[in-house]
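Quick notes on the structure that follows.
Where a number appears in this text, it was derived from the coordinates with a stated rule and is not lab data. Remember, it's a predicted structure, so these values are computed and weren't measured experimentally. Glycine also receives a Cβ, built like all others from the backbone with ideal geometry; neighbour counts cover every protein chain displayed.
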Amino acid sequence: MKRNQLNPLQDEICDSLTKLINKCGVPILPVNEEKMPLNSDLSLDLGLDSLQIPGILAGIQMEFVIDIYDDEAEKLRTMEDIILFTEKKVLKH
């Protein structure tokens, strides 16, 4: 999936996710970049550690008013995983 293929909700989630990652000091592409690396692994590609990832997921939970349980969080390895998971949770509400 590429950034220019996202629907409006996915795009909003992607913007929020990118801002949260940037706040961790991880230099990723700008929010409006069409070639956003959505398949980037949070740990392997972006270098996020085991303390940063839960913080990012907590930010997503707060912004989109969803719950992410530990067993679900373990499966969220890429930006695309988080975007699609968050979209699914938001649409359930």
From phi via Karplus (6.51, -1.76, 1.60), per-residue ³J(HN,Hα) for the stretch 87-93 in Hz, x at Gly/Pro: 4, 4, 5, 5, 5, 6, 6
Under-5 Å amide H pairs with D41, H placed in peptide plane, nonlocal only: L46
Estimated inter-spin distance, L84 and D15, nm [label 7 Å along Cα→Cβ]: 2.3
Residue-by-residue Karplus 3J(HN,Hα) for the stretch 45-57, coefficients 6.51, -1.76, 1.60, Hz, glycine and proline x: 8, 9, x, 6, 9, 5, 8, 6, 4, x, x, 5, 5
